[in-house]
Amino acid sequence: MKKSIIIFLFAVMPGALFAASKIADMLLNGIDPIQFVVYIIIAYAGMILNMISDVTRRKPDSITSPTALSFSYWFNDNKARLMRSFITIPIGIIFFNDVAGIEISNLGALMIGLSSDHIWEILKRKNIINNAG
């Protein structure tokens, strides 16, 4: 019984591994999975830079902003924005080659991270979506 299970595993596993790698290749639009992870990290770094830029440009004397910077207030005010960016970034990386017509690079991934939030704002201004946060 054990021998037949081992033989079965050796017969089936290479095909299953090949199928899994083919599926991953198709889902990632031809991007190497390791490189995809690197692009994701770089794009999320760009998103963080964009958020830091927003925090530094805030107006403490505004009615809608607390005088002292509060991370919990900022997070509650921007959690929908963060979630949209977390979803938009992997999609932007996967389809970058098709949309831009050039192969994605580290700089392209950084630009996706920096601009992921702005894409939603453009859609809101054009009335393509009702509320972009």
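Which shape class, rounded, prolate or oblate, goes with the range 31-125 when its Cα gyration tensor gives a ≥ b ≥ c as root eigenvalues, a/c under 1.5 marks rounded, and past that a/b bigger than b/c marks prolate? If you can, show how the numbers build up before the last one.
On the way: a/c = 2.73, a/b = 2.21, b/c = 1.24.
It is prolate, given that a/c is not under 1.5 and a/b is the larger ratio.
On a straight-distance basis, which aspartates and glutamates could pair with K126 in a cross-link, Cα separation under 19 angstrom, same-chain partners fewer than 8 positions away excluded?
List returned: D117.
Taken together, the values in this text are just the output of simple stated rules run on the coordinates, not laboratory data. Everything quoted here is computed from the prediction, not taken from an experiment.
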